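The values are calculated or read from the model by the stated rules, or taken from the named source; none is laboratory data. Predicted model, so just to flag it, every value in this text is computed and none were measured. We place every Cβ from the backbone using ideal geometry, glycine too, and count neighbours over all the protein chains shown. Please note that ligands, DNA and RNA were not included when accessible areas were found on the heavy atoms of the full protein model with its side chains. Shrake-Rupley method; radii C 1.70, N 1.55, O 1.52, S 1.80 Å.
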Amino acid sequence: LEHYDGSIAVYNNSVDFNLSLGNTLKPIWDTVSEAYIQNTEGFEPSDFEAEFSHPDTLKNYSTAASSIQMLENGNVLMHAGRQGRAFELLPTGEPVWEYLVPLRFGEPVVQGQEISLSHNFTFQLKRYPPDFSGFDDKDLIPKGYLELNPNEDFCTLYTSVENLIPDSFSFYPNPASTSITINSAENGVLELFDMYGRKVQAYNIYRGQNFVELQQLQSGLYTIKLNGQVEQLVIRN
């Protein structure tokens, strides 16, 4: 469970049989009653803003624990607790990297060795930025590998280094409903076009993180243009 930009990201363990997903939702706040809006079944909204999954959905599955983190570069970090499996996804859903915790009941195993379910149970995973205050005055020099007999030939490169961070900007969630978060490498004007090529909105964007409201836009496929980069956005209301 993680709060960000007014939304909540959750690791949804039991979506269906053998299926877990990452989801985001935005609670609806009533400024008059100063309370979150409810319907007859519970709190609004009745559906999620977006969902996130490894292309192989079985790699998400965990009946307990697990975690999700929305990263500043627009990517998503997910961790399936019972599998001890972590991976980072681009906004497009493409895996950047994947890692299996190489410990059995806390003891290291040989790299590549198969580990039974829950033997490397890991409650959650979190990434801290390089300027995290907890790192102050700490020795961050790598101390070596966790696993025994490490061999980098086992490592699969999912995407090129050049694609880890988009050249100009990234955004999430996609699909979106009421808003998106834009992470931009520089200042510029973001233009939003509908499926007919008509410009429907323009926003001043500044270097870093930007929050863009989408409430007035209808559901559909849109094109985003910013500083020469073009992306597709799906809006679902």
- Query: Using a Förster distance of 22 Å, how high is the FRET efficiency between Leu148 and Tyr128, based on the Cβ-Cβ distance and rounded to 0.05?
  - Reply: 0.25
- Message: Assuming 0.36 nm per residue, please report the length gained on full extension of the stretch Val212 to Glu107 beyond their Cα-Cα distance.
- Response: 33.2 nm
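So how do Met195, Met70 rank on accessible area, 1.4 Å probe, biggest first, that is with the largest at the start?
Met195, Met70
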- Item | Assigned charges on the beta-carbon of Lys, Arg, Asp, Glu; segment 20-104 dipole about Cα centre (debye) | 580
- Query: Given the options Ser116, Ser170, Ser53, which has the most mean-square fluctuation in a GNM of the chain, springs set between C-alpha atoms less than 10 angstrom apart?
  - Reply: Ser116
- Query: Counting DSSP beta bridges with both partners in the chain, what percentage is antiparallel, nearest 5?
  - Reply: 95
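For Cα pairs less than 8 Å apart in space and 6+ apart in sequence, what is the mean separation divided by the residue count of the chain, i.e. the relative contact order in percent?
Worked out over the chain, it gives 13 percent.
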- Query: Once the Cβ-Cβ distance between Leu19 and Asn227 is put in as r, and R0 is 35 Å, what FRET efficiency do you end up with, to the nearest 0.05?
  - Reply: 0.40
- Note on the structure: The answer for the longest stretch of the chain without any exposed GluC sites (Glu not before Pro) (DSSP loop, at most 15 further Cβ atoms within 10 Å) is 115-185
- For segment 9-93, run through the chymotrypsin sites (Phe, Trp or Tyr not before Pro) and keep only the ones in DSSP coil with at most 10 other Cβ atoms within 10 Å of their Cβ. Phe17
- Item | Pairwise FRET efficiency - Leu117 versus Ile37, Cβ, R0 = 41 Å, nearest 0.05 | 0.55
- Task: Mind pulling up the Rg/Rh value for segment 1-85? Radius of gyration and Kirkwood radius, both on Cα.
- Result: 1.03
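Please compute the contact order of segment 1-84 in relative form: average sequence separation of alpha-carbon pairs under 8 Å and at least six residues apart, divided by the residue count, as a percent.
Numbers: 153 pairs, mean separation 23.2, N = 84.
Contact order relative to length: 28 percent.
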- Counting all Cα-Cα pairs in segment 53-113, those more than 17 Å apart amount in percent to 41
- Task: Only Cα pairs under 8 Å and at least 6 apart count here; give the relative contact order of segment 41-113 as a rounded whole percent.
- Result: 21
- For the chain, the Cα-Cα pair-distance distribution in 5 Å bins from 0, as whole percents, is 1, 6, 11, 15, 17, 16, 13, 9, 6, 4, 2, 0, 0
